[in-house]
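Asks: Following this message is one structure expressed as structure tokens.
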Amino acid sequence: MAQFGKGYAKRSTPSYFMAIVGVSLVLFLLGLLGWFVINANKLGQNFKENVEVQVYVRENISAKDSAILVQYVAAQPYVKSYKYITKDMARKNFVGSGNDDFMAVLDKNPLPASIDFTIRSNYATTDSLSKIKADLAQNIAVSEIQYNKGLVTNLDDIIRKISLTLLVVAIITSVLVIILIDNTIRLAMFSNRFLIKTMQMVGATRWFIAKPMDLRALINGAISGLIAIGGIIGVIFISEKFLPDIKALRDYTLLSVMFVVMVLLGICISFISTHRSVLKYLKMKLDDLY
């Protein structure tokens, strides 16, 4: 009799192992997609911030006006980094690129001084650069402004298409993840339907039956999220070991947000699915459970 009691108690204990494994795998796949999206976004920012603008200084401009122009450019919110290229530095760069030194045949250096700066990623659009160009052109010390307009246009179009594609994939994947987690939890609770009904038949209240299972669902959801996070971190380190260059794309802020979302998603869906399943089996008749 004692052996029967122990065996029954063991069989009556809800098994959540497969639910945790299933939810962890689904969250891991979602996390992988999120990591790809973060890397793609960071890579796009890096490309945009490599766009360089050259502001050429007029000939015979005073040193004071040149300094004012440099200070003005440096103070602008769209400037990520800048450098002032003197006429002599421009000549050295020209010769260093494999060209012949024109000073052998010319008495005067024709290359102008310039301020070369890279822009912040949110300003790397055709409209923003047109406004920047129009603003700088009003300065009396500026003779010409150049940047690769074709590169900016193509880069903007490519990033827009990639972002839209990743957004659609992320939405579809998120919906599938929610459905898969819900089905996984409901399948786990299906194996406990007789336990739930037995507790109701011996007089346990709905709250008494649902409370421990809901609490366990919260814990299981958090565990699943943490397991998935551990898997993502492992993938990140392994990837960076074989591809060291992608380490520069690591964004701790976005990764932290993604990890928190993964845990919350695991907790919320596990709780909602478990609670719905418990209420469903409490409302069903005993014969319908078979």
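The values are calculated or read from the model by the stated rules, or taken from the named source; none is laboratory data. What you see is a predicted model; the values in this text were computed from it and never measured. Positions of Cβ are backbone-derived with ideal geometry, glycine not excepted, and every protein chain shown enters the neighbour counts. Heads up: the accessible areas ignore ligands, DNA and RNA and are worked out on the full protein's heavy atoms, side chains in. Shrake-Rupley method; radii C 1.70, N 1.55, O 1.52, S 1.80 Å.
Asks: Could you check region 34-63 and list, in sequence order, the residues that are in a helix (DSSP H, G or I) and of a type in the set (A, V, I, L, M, F, W, C)?
Replies: Hits for region 34-63 are 35, 36, 37, 38, 40, 43, 47, 63.
Asks: A further question on this structure: Taking the condition under 30 Å from residue 164 (Cβ atoms), open to solvent by 70 Å² or more (accessible area, probe 1.4 Å) and at pLDDT 85 or above, does residue 29 pass?
Replies: Numbers: under 30 Å from residue 164 (Cβ atoms): yes; open to solvent by 70 Å² or more (accessible area, probe 1.4 Å): yes; at pLDDT 85 or above: yes.
Yes; evaluated as a whole, the condition is true for this residue.
Listed here are the residues, each with its yes/no results for (1) at negative phi; (2) hydroxyl-bearing (Ser, Thr, Tyr); (3) part of a loop (DSSP other than H, G, I, E, B); (4) modelled with pLDDT under 85.
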| site | (1), (2), (3), (4) |
| --- | --- |
| 71 | yes, no, no, no |
| 77 | yes, no, yes, no |
| 88 | yes, no, no, yes |
| 100 | yes, no, yes, yes |
| 103 | yes, no, no, yes |
| 106 | yes, no, yes, yes |
| 109 | yes, no, yes, yes |
| 127 | yes, no, no, no |
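Asks: Next question, about the same structure. Restricting to region 131-154, give me the number of residues that are assigned to a helix (DSSP H, G or I) and of a type in the set (S, T, N, Q). Even if it seems obvious, please write down each step before you answer.
Replies: If we filter region 131-154 for residues that are assigned to a helix (DSSP H, G or I), which is where we start, we get 131-137, 149-154.
Those still in the list that are of a type in the set (S, T, N, Q) too: 153-154.
Residues in region 131-154 being assigned to a helix (DSSP H, G or I) and of a type in the set (S, T, N, Q): 2 in total.
Asks: Taking region 121-145 on its own, how many of its residues are farther than 30 Å from residue 41 by Cβ and among the hydroxyl-bearing types (Ser, Thr, Tyr)?
Replies: Filtering region 121-145 for residues farther than 30 Å from residue 41 by Cβ gives 137-144.
Filter once more, so that each one left must be among the hydroxyl-bearing types (Ser, Thr, Tyr): 143.
Residues that pass the stated criteria total 1.
Asks: Only one residue in 245, 251, 182 is closer than 30 Å to residue 49 by Cα and open to solvent by less than 40 Å² (accessible area, probe 1.4 Å). Which one? So that I can check it myself, show each step before the final result.
Replies: Working: 245 fails: open to solvent by less than 40 Å² (accessible area, probe 1.4 Å); 182 fails: closer than 30 Å to residue 49 by Cα.
Result of the check over 245, 251, 182: 251.
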